[in-house]
1. So the label point sits 7 Å from Cα along the Cα-to-Cβ vector; using that for A:GLY329, what distances do you get to the other copies, in nanometres, sorted shortest first?
2. Take every Cα-Cα distance within segment B:180-309, group them into 10 Å bins from 0 onward, and report for each bin the whole-number percent of pairs it holds.
3. Cα axis of helix A:241-253 to longest principal axis of chain A: angle in degrees, 0 to 90, nearest 10?
4. What residues qualify as long-range amide H neighbours of A:LEU176, i.e. H under 5 Å apart, gap of 5 or more or another chain, H built at 1.01 Å from N?
5. Heavy-atom accessible area of A:SER288 with all protein chains present, probe 1.4 Å, nearest 10 Å²?
6. Ordering A:TRP151, A:TRP120 by how much accessible area each has at a 1.4 Å probe, largest first, what is the list?
7. For the protein assembly as shown, state the average projected area of the convex hull of the C-alpha atoms over all orientations, rounded to one decimal in nm².
8. Can you find, among A:GLY329, A:GLN285, A:VAL162, the residue farthest towards the positive end of the dipole of chain A? Put +1 on the C-beta of Lys and Arg, -1 on that of Asp and Glu.
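The values are calculated or read from the model by the stated rules, or taken from the named source; none is laboratory data. Note that the structure is predicted; figures quoted are calculated from it, not measured. Every residue, glycine among them, receives a Cβ derived from its backbone with ideal geometry; neighbour counts consider all protein chains shown. In case anyone asks, the SASA skips ligands and DNA or RNA and just uses the protein heavy atoms, side chains included. Shrake-Rupley method; radii C 1.70, N 1.55, O 1.52, S 1.80 Å.
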2 protein chains.
Amino acid sequence: MQSKLTKSKDKARTAFAGSESAVTLESVAKAAGVSPSTVSRILNGTAKVSEDKVRAVNAAVAKLGFLPNPVARSLARGRSMSIGVVSQAIDSPFYGEALASIEKGLLRASYTPMFASGHWREEDERRCIDHLLSRRVDGIILITSCLPDTWLLSLAKRVPLVLTGRKVASPRVICLDFDHVPGARLAVDYLIGQGHKRIAFLGGPTGHPDAVQRYEGYRAALESHRLTFSSRLVAVGDYTYSGGFQAMQQLLTSKVDFSAVFAANDESAQGALLALHRQGLRVPQDISLVGFDDLPSSAYTIPPLTTVHRSTDQIGEAAADAMINLIEGRPATPKHSSPTLAIRESTRPWR
Amino acid sequence: MQSKLTKSKDKARTAFAGSESAVTLESVAKAAGVSPSTVSRILNGTAKVSEDKVRAVNAAVAKLGFLPNPVARSLARGRSMSIGVVSQAIDSPFYGEALASIEKGLLRASYTPMFASGHWREEDERRCIDHLLSRRVDGIILITSCLPDTWLLSLAKRVPLVLTGRKVASPRVICLDFDHVPGARLAVDYLIGQGHKRIAFLGGPTGHPDAVQRYEGYRAALESHRLTFSSRLVAVGDYTYSGGFQAMQQLLTSKVDFSAVFAANDESAQGALLALHRQGLRVPQDISLVGFDDLPSSAYTIPPLTTVHRSTDQIGEAAADAMINLIEGRPATPKHSSPTLAIRESTRPWR
DNA sequence: CCCGAGTATGAAAGCGCTTTCCAGACCGTA
DNA sequence: TACGGTCTGGAAAGCGCTTTCATACTCGGG
């Protein structure tokens, strides 16, 4: 009854945080008849406080709908409880998913993510890192940075770092392997297993670390099956639809012979799909195609795309966990699951 | 033991903030031989200060590499210079683009966006609004909220709001029209202009404000051309690929007759595309299909999708500008550009 | 019954910046 | 020369919280 009423009201207040226009820790202290320090101690569990005071304070907190001011808290503690997440494009389909899972992981530990995008430009990336730093983030997660290692190393002196797609040795840095090499191998091995011998590679932007690793995986797979590599079978895209489209066209006009294509990401693959279609080539009857990333849309292309799948959920949460462990001084053991191949309808055995 | 504890704690602090520039406004003041207040005044331009002191301070700032601590600043000013942006899914292709442009617009005015996702669930959305509020954002941009108007109205009492896809009358709220109705009309008008008479509608989730408006546009277009509406021509999707796929299948198995389909968003349309393909129906020869949103991928579907295009850049920046104007008390005049139809290859005249 | 070891709690000192308040310098005018 | 007014810039009081330091107070052993 009474309690029920109070409860629902409280909930509403909290919901709007309307409660706190002026409710401070001090007012709670006054209401509870204790000192601010005691309230703080109770709220943070930083010291033992007698049962009755705890009750009094909790009651006051509930009654006033007190919500600690994180800004003041940050200032006092010297930590902002927010961590910067810089990716290259917040609106990229693949990274979008990863960001969503980072958000989830961070929030769970009550850190707030601050997203920023580097747009594949060193300068932009540097600028937004500066911005995050000025906002006093407690750590930065860099999703496939394009900055040089040395720069990152010195950045690590200012703030703990989690980064993907590269190895930088520092106690304040955790590197997450995104399995580009084994993923690419998986794809190409599969094609080879299907009897394909002449497999083209539709690469990502040169210099882009991910792209380089996927290329390496492609070459490694060929090599381990003793298939000769030919640079004529390689076309450079830029990870976009249009890049994939153009690269495919180029491959087609160059008259090289191939029966399968491994595209370094799904966006390229989808562009390639259209280019093939325009040439009257059927997938998979004439050409087999494998992508990388398993975008949500890739299950709905025509035909549905066979592609390398990684659990973005796990990736993102691993990144978030790694960061939190790093910050809180716990040992960080980024575990990760291996990539798998989502076999759909864009591939078939050769001949 | 005791010492060990202290030490590890110390280390932890260093890890967070310790190593970074301990250069504060006060140290700048000292270096420049003036008082902190003067430095603050110069930095913020809040009062007139003599030329020589300005020079001295600027020199000191440059020399020490002083970067004001935004946390302290927020606490003192009572404003955080950050604004909350809640969308339903940070990883949705369409909203992703909008978020990117909001980020740009906000950053330009040196506000920081704080993104959060509601996942189309009232509860989640409420929770993340709470979170943003507790972080003391200066305003909140809600991209197609699913919360009731009354709730938003009372939220507006706490914090200025910019919201899309609905009308809520309040001086502290700016509503941005995302042109769902005219956009949908555009699409359907086009199909009608092409001679189609039986046009199916592949809707979004019921109750979703955007979806409702797009549906309205569909009906309005039919009506204005005196085409009779039939509920049998309407299938409900959920804005996802698979939803579109299923809805299309349902439409197909229901044996209604139609020559064209208007899908309420591109993801649905792409799902529908596959469903049609599976049935051996060709687009556009057998069925014309129009989408909505013009996702980057939509130019690369097979066939490339005719779809309603809106300038996400402008939308996002308009939202950002509106928010900033609202906060800074300037009159906000959200201007917007009309949607256009990107005519590609998924449509053709009837018969 | 007293003394030292704990312990629960309050007072107060920050965290780094903004802003109010006030004193002194400087100007013009009578 | 004196007086009101205008400026400039320093001192200091916050912003709301954490944390150290100090102070009563409890308890058990000698």
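1. 4.7
2. 15, 52, 31, 1
3. 10 degrees
4. Placed amide hydrogens put A:LEU163, A:THR164, A:GLY165, A:ARG166 under 5 Å from A:LEU176.
5. We get 0 Å² for A:SER288.
6. Greatest to least solvent exposure: A:TRP120, A:TRP151.
7. Mean shadow area of the hull around the Cα atoms is 37.2 nm².
8. It is A:GLY329, whose Cα lies furthest towards the positive end.
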